[in-house]
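Student: Below you'll find the structure I mean.
What follows draws every value from the coordinates through simple rules; no lab data is involved. All of these numbers come straight from a predicted model, not from anything done at the bench. Using ideal geometry, Cβ is built from the backbone for each residue, glycine included, and neighbour counts are taken over all protein chains shown.
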Amino acid sequence: MSEADRLFASPQPPADFTFNEDVVRVFPDMIKRSVPGYPTIVENLGVIAARFAQPHSRLYDLGCSLGAVTQALRRHVRAEGTRVVAIDNSTAMVTRCREYLSAQDSMHEELLPVEVVEADILDVPLESASVIALNFTLQFIAPKQRLDLLSRLRANLLPGGALLLSEKIRFSESQTQELLNGLHLDFKRANGYSELEIAQKRTALENVMLTDTLDEHRARLQGAGFTTVVPWFQCLNFTSLIALP
Ligand SMILES: Nc1ncnc2c1ncn2[C@@H]1O[C@H](C[S@+](CC[C@H]([NH3+])C(=O)[O-])CC(=O)[O-])[C@@H](O)[C@H]1O
Ligand SMILES: O=C(O)C(=O)Cc1ccccc1
């Protein structure tokens, strides 16, 4: 099972955050203690997907990590003949994700079939899908690639389908930004992270996780051809959106 996250507990030279084996070992604990609302978001992505999933269509979980969203899709989606394609470019994540999903397979009968693909979502060929989930993945894509990726997702979304996008967001109004960022740090402290752990992780993420405002997300989604953007969840500076074609 997964360990407690102590990755940034001792002093270390600054290095960019990567989704390597050390992160994989602690990832379920890390994401739950770092992302306010994460369990609620993941479970409800399954519930929301159930409304948009079409019979005999694909459901994508892009940047699947250990497959938390894929597992929620399997718990909630009942449309006949749907299958999940879960994609991540971290070898360590994909290896462990496959193990978790086969454990879920052995405990339940008649789960949606899942294919876990090790690939970069920026260059893997995508096919038509009724649901596409990007749960805290877009924030790790280089900003100049984000519009192209969303346009490609829009082009592959079936009519009546949905893109489910969760992100850490920033706020252009500085008082709001300071308040919600401060409250996020309080959330981490309340979950047992020390000042050193918080500071070292912040440095590690500085160059690799670049956040946008909600307005920037809306504008980009519209630019990619989505007509409707509905925020369905916000906890502090973390949000989840439903984008419709
Ligand atoms: N270009 C890329 N191609 C494929 N995967 C990528 C790429 N860039 C980053 N990733 C992958 O996106 C994931 C982001 S974590 C998602 C959480 C998950 N969705 C969850 O619901 O638990 C978010 C977080 O840790 O805050 C990592 O597994 C990366 O390897
Ligand atoms: O820890 C943070 O500050 C975050 O914003 C989220 C996060 C969670 C897990 C891995 C990387 C980033």
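Student: Taking the criterion of being in a loop (DSSP other than H, G, I, E, B), closer than 25 Å to ASN207 by Cα and within 13 Å of ligand 1 (Cβ to nearest atom), would at least one residue in the range 84-93 satisfy it?
Tutor: There is at least one residue in the range 84-93 that is in a loop (DSSP other than H, G, I, E, B), closer than 25 Å to ASN207 by Cα and within 13 Å of ligand 1 (Cβ to nearest atom).
Student: Test THR70 against the criterion of being more than 15 Å from ligand 2 (Cβ to nearest atom), in a helix (DSSP H, G or I) and surrounded by fewer than 16 Cβ atoms within 10 Å (Cβ to Cβ), and give yes or no.
Tutor: Numbers: more than 15 Å from ligand 2 (Cβ to nearest atom): yes; in a helix (DSSP H, G or I): yes; surrounded by fewer than 16 Cβ atoms within 10 Å (Cβ to Cβ): no.
No, not satisfied.
Student: I'm trying to understand the selection: among the residues of the range 5-21, which are within 17 Å of THR91 (Cα to Cα) and either assigned to a loop (DSSP other than H, G, I, E, B) or within 12 Å of ligand 2 (Cβ to nearest atom) (or both)? Can you show your working first?
Tutor: If we filter the range 5-21 for residues that are within 17 Å of THR91 (Cα to Cα), which is where we start, we get 17-21.
PHE17, THR18, PHE19, ASN20 - these are the residues of the range 5-21 that are within 17 Å of THR91 (Cα to Cα) and either assigned to a loop (DSSP other than H, G, I, E, B) or within 12 Å of ligand 2 (Cβ to nearest atom) (or both).
Student: State the number of residues belonging to the range 135-158 that are in contact with a Ser or Thr (Cβ under 7 Å, 6 or more places away or on another chain) and within 22 Å of PHE52 (Cα to Cα).
Tutor: Pass one, the range 135-158, residues in contact with a Ser or Thr (Cβ under 7 Å, 6 or more places away or on another chain): 135-136, 139, 156, 158.
Those left that are additionally within 22 Å of PHE52 (Cα to Cα): 135-136, 156, 158.
Here the count works out to 4.
Student: Let me ask something additional. Can you pull out every residue in the range 73-83 that is surrounded by 22 or more Cβ atoms within 10 Å (Cβ to Cβ) and either under 15 Å from the mean Cα position of the chain (by Cα) or assigned to a helix (DSSP H, G or I) (or both)?
Tutor: Across the range 73-83, the qualifying residues are LEU73, ARG74.
Student: OK, next. Quick one: in the range 210-222, of everything that is part of a helix (DSSP H, G or I) and surrounded by 15 or more Cβ atoms within 10 Å (Cβ to Cβ), which residue is farthest from ligand 1 (Cβ to nearest atom)?
Tutor: Of the range 210-222, the ones part of a helix (DSSP H, G or I) are 214-222.
Filter once more, keeping what is surrounded by 15 or more Cβ atoms within 10 Å (Cβ to Cβ): 214, 216-218, 220-221.
Working: LEU214: 18, GLU216: 18, HIS217: 16, ARG218: 21, ARG220: 17, LEU221: 18 Å.
The residue in question is ARG218.
Student: A further question on this structure: Under 7 Å between Cβ atoms, which residue pairs at least 6 apart in sequence (or on different chains) link something in the range 197-209 that is outside any helix (DSSP H, G or I) with a partner that is within 15 Å of ligand 1 (Cβ to nearest atom)?
Tutor: Once the first residue is outside any helix (DSSP H, G or I) and sits in the range 197-209, its partners that are within 15 Å of ligand 1 (Cβ to nearest atom) give ASN207/ASP16; VAL208/ASP16; VAL208/PHE17; VAL208/PHE140; MET209/GLN139; MET209/PHE140.
Student: Right, another one. (1) closer than 28 Å to ARG83 by Cβ; (2) within 13 Å of ligand 2 (Cβ to nearest atom); (3) surrounded by fewer than 19 Cβ atoms within 10 Å (Cβ to Cβ): which one isn't true of ALA50, the others all being true?
Tutor: All conditions are met except number (2).
Student: Which pairs do you get when a residue that is farther than 13 Å from SER2 by Cα, found in the range 17-37, comes within reach of a residue that is more than 8 Å from ligand 2 (Cβ to nearest atom) and in a helix (DSSP H, G or I), reach meaning Cβ atoms under 6 angstrom, with the pair 6+ apart or on two chains?
Tutor: If the second residue must be more than 8 Å from ligand 2 (Cβ to nearest atom) and in a helix (DSSP H, G or I), the pairs left are PHE17/ALA204; PHE19/MET93; ASN20/ALA92; PRO36/PHE187.
Student: Only residues that are within 13 Å of ligand 1 (Cβ to nearest atom), more than 21 Å from ASN207 (Cβ to Cβ), among the aliphatic types (A, V, I, L, M) and in a helix (DSSP H, G or I): list them for the range 127-175, please.
Tutor: Within the range 127-175, just LEU153 meets the criteria.
Student: Of all residues in the range 96-126 being in a helix (DSSP H, G or I) and touching a residue at least 12 places away in the same chain (Cβ under 8 Å), which is nearest to ligand 1 (Cβ to nearest atom)?
Tutor: Quick first cut of the range 96-126, residues in a helix (DSSP H, G or I) only: 96-107.
Now narrow it down to the ones that are touching a residue at least 12 places away in the same chain (Cβ under 8 Å): 96-98, 100-101, 104.
Numbers: ARG96: 10, CYS97: 9, ARG98: 13, TYR100: 11, LEU101: 13, GLN104: 14 Å.
Only one residue fits best here, namely CYS97.
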